[in-house]
Amino acid sequence: MKLLVCGGAGFIGSNFVRQRLASSDDEIVVLDKLTYAGRRESLRDLEADARFAFVHGAIEDPEAVDHALAGAGAIVNFAAETHVDRSIAEPDAFVRTHALGTYVLLEAARKQGVRYLQVSTDEVYGSIEAGSFTESSPLEPSSPYSATKAGADLLVASYQRTFALETLICRGSNNYGPYQYPEKLIPLMILNAFHGDRLPVYGDGANVRNWLFVEDFASGISHVLEHGVPGETYNVGGPDESDNLTVVRRIIELSGADESLIEFVTDRPGHDRRYSLASEKVAALGWRAGTRFEQGIERTVAWYRENEWWWAPIRSGAYREYYERQYGTALAE
Ligand code: NAD
Ligand code: TYD
C-alpha cells in the first residue's frame, strides 16, 4: 500500500514511518510543513529508502495535498500543533491547522476515494477523576489544543456520515520516547536534568497521565488502519498511569541529577487533573501496549543520552526564547 503520512516529521509520525517501513512493504510519502516541531533529522535514517519520499507543504494547502496524495491508498494524519501551553499563549495556528487543515485533507480524500485515519488524543474527553474514558464518553475539551482537536474529530465523523468516506479515528494517551520535542514534560525534564537546570513542576505535581510508549501508539495506529471498522473511533491508552512528580523523580534517578532541582511553579490555566483511557476496543483488534512505563522511561533517558546530535541544535536555537517566555528563566548554556 502507498500511504500519505501528514505530519510525519514530528515525534509520533516519524516513529510511525520508521516502524511501517521496517515491518511492511508500504511506500510512504510524508507531507509536513516543518514547523518548529517538525524536523527532517527525525527521518534521517529513512531518507535513503527507495520506498520513502518527503514533500514540504501544509495540510491546509489543497495543491500541496493533491500533489502528495497522488497514487496513495490512505491518509494517516498526524499533522497538528500539539503543545497545550502554546495553545494557551497563541491559539491561532491550532485553529488553522486542526480545522482548516483537516477539512482540506478530508476533501482530497473524498475526491480521490482514499481511506482516512485521524490521529487524535484522549484530551478531547477532558479530565476524569476516577475510572476511564470509553469511545462513547462525551467530548469536554479544556484547552484550545484539545478543543480544536475535538472539532477535527467531529468533522472527520461528518465526512463518514454525509459522504460515506471511509474514516477511522485513533485517540492516544500521553506518548513518550525517542524524537519528542523537549517542550513536553518527559524530554524537557530529561534534558534539564542532564544540564542541571531547574525542573519546573506545575501546581502540586499530582496531575496524572496515562503513559504510552510511542512505538506502541504507532503499532496501535497500524492495527486500526488495517483492521479497524470504518466510521469507528478507537482509544489507544498506555498500560501505566503516573503522577507528574513520580515521573520527574524517576527521571532524576535515571539521569543522576539532584532532587533539589525540582521547583514547583504556577499551575497551567485549565490544567486537566487526570487522563485515563479504556482500550478494550483496540485490544479486540489484537493490539496491546507491549512496553511498561518502567522499561520505556529507561529506554527514553538512554536515547536522549546517546543522541545529543538530535537535541543539541534545538536547545541552542529558538527553543531558548520559548523557554524564557514560558518559564521566565534561562537554560544553562
Ligand atoms: P509533534 O508536534 O511532534 O509533530 C507535529 C508534526 O506536524 C510536525 O512535524 C509539524 O511540522 C507538522 N505540522 C504541524 N502543522 C502542520 C500543517 N499545518 N501542515 C503540515 N504539517 C504540519 O506532534 P506529535 O506529538 O508527534 O503528535 C502527532 C499527532 O498525535 C497530533 O495529531 C497529536 O494531536 C496526536 N497525539 C499526540 C500525543 C502526544 O502525547 N504527543 C498523544 C495523543 C495524540
Ligand atoms: P505535557 O507534556 O505538556 O502534556 P499534556 O499537557 O498534553 O498532558 O504535560 C504533561 C503533564 O506535565 C501535565 O500535567 C503538565 C505537566 N508539566 C509540568 O508539570 N511541567 C512542565 O514544564 C510541563 C511541560 C508539563
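The values are calculated or read from the model by the stated rules, or taken from the named source; none is laboratory data. Every value quoted in this text rests on a predicted model; they were computed, and no experiment measured them. All Cβ positions, even for glycine, are placed from backbone atoms using ideal geometry, and neighbour counts span all protein chains on display. We work out accessible area using only protein heavy atoms, side chains counted, and drop any ligands, DNA or RNA first. Shrake-Rupley method; radii C 1.70, N 1.55, O 1.52, S 1.80 Å.
Yes or no, residue by residue, for (1) under 17 Å from Asp153 (Cβ atoms); (2) among the β-branched types (Val, Ile, Thr); (3) modelled with pLDDT of 95 or more:
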position: Asp45; (1), (2), (3): no, no, yes
position: Ala48; (1), (2), (3): no, no, yes
position: Ile59; (1), (2), (3): yes, yes, yes
position: Pro62; (1), (2), (3): no, no, yes
position: Gly73; (1), (2), (3): no, no, yes
position: Ala80; (1), (2), (3): yes, no, yes
position: Phe94; (1), (2), (3): yes, no, yes
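Out of everything in segment 63-113 that is part of a loop (DSSP other than H, G, I, E, B) and within 16 Å of ligand 2 (Cβ to nearest atom), what residue ends up being nearest to Leu165 (Cα to Cα)? First the steps, then the outcome.
Going residue by residue through segment 63-113, those that are part of a loop (DSSP other than H, G, I, E, B) are 70-73, 78-83, 90-91, 113.
Still in the list and also within 16 Å of ligand 2 (Cβ to nearest atom): 78, 80-83, 90-91.
Numbers: Phe78: 19, Ala80: 21, Glu81: 25, Thr82: 26, His83: 29, Glu90: 33, Pro91: 29 Å.
Checking each candidate, the answer is Phe78.
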Screening Leu277, Leu285, Leu261 for residues that are touching a residue at least 60 places away in the same chain (Cβ under 8 Å), in the same structural domain as Ile190 (by TED's automatic domain parsing) and either under 23 Å from the mean Cα position of the chain (by Cα) or on the phi < 0 side of the Ramachandran plot (or both) leaves only Leu261
Taking segment 272-290 on its own, how many of its residues are buried (at least 20 other Cβ atoms within 10 Å of the Cβ) and out of contact with any His (no Cβ under 8 Å at 6 or more places or on another chain)? 6
Can you tell me which residue in segment 324-333 is nearest to ligand 2 (Cβ to nearest atom), limited to those that are in contact (Cβ under 8 Å) with a residue 12 or more places away in the chain and of a type outside the set (S, T, N, Q)? Tyr327
Regarding Glu81, is this residue in contact (Cβ under 8 Å) with a residue 40 or more places away in the chain and out of contact with any Gly (no Cβ under 8 Å at 6 or more places or on another chain)? yes
Take Pro200 and decide whether it is farther than 26 Å from Glu280 by Cβ, open to solvent by less than 30 Å² (accessible area, probe 1.4 Å) and in a strand (DSSP E or B). yes
Hey, could you check segment 165-178 for residues that are more than 8 Å from ligand 1 (Cβ to nearest atom) and not in a strand (DSSP E or B) and say which is surrounded by the most Cβ atoms within 10 Å (Cβ to Cβ)? Gly177
Hey, could you check segment 203-231 for residues that are over 20 Å from Leu3 (Cα atoms) and more than 16 Å from ligand 1 (Cβ to nearest atom) and say which is surrounded by the most Cβ atoms within 10 Å (Cβ to Cβ)? Gly205
So which of Leu254, Leu212, Leu245 is in contact with a strand residue (DSSP E or B) (Cβ under 8 Å, 6 or more places away or on another chain) and assigned to a helix (DSSP H, G or I)? Leu245
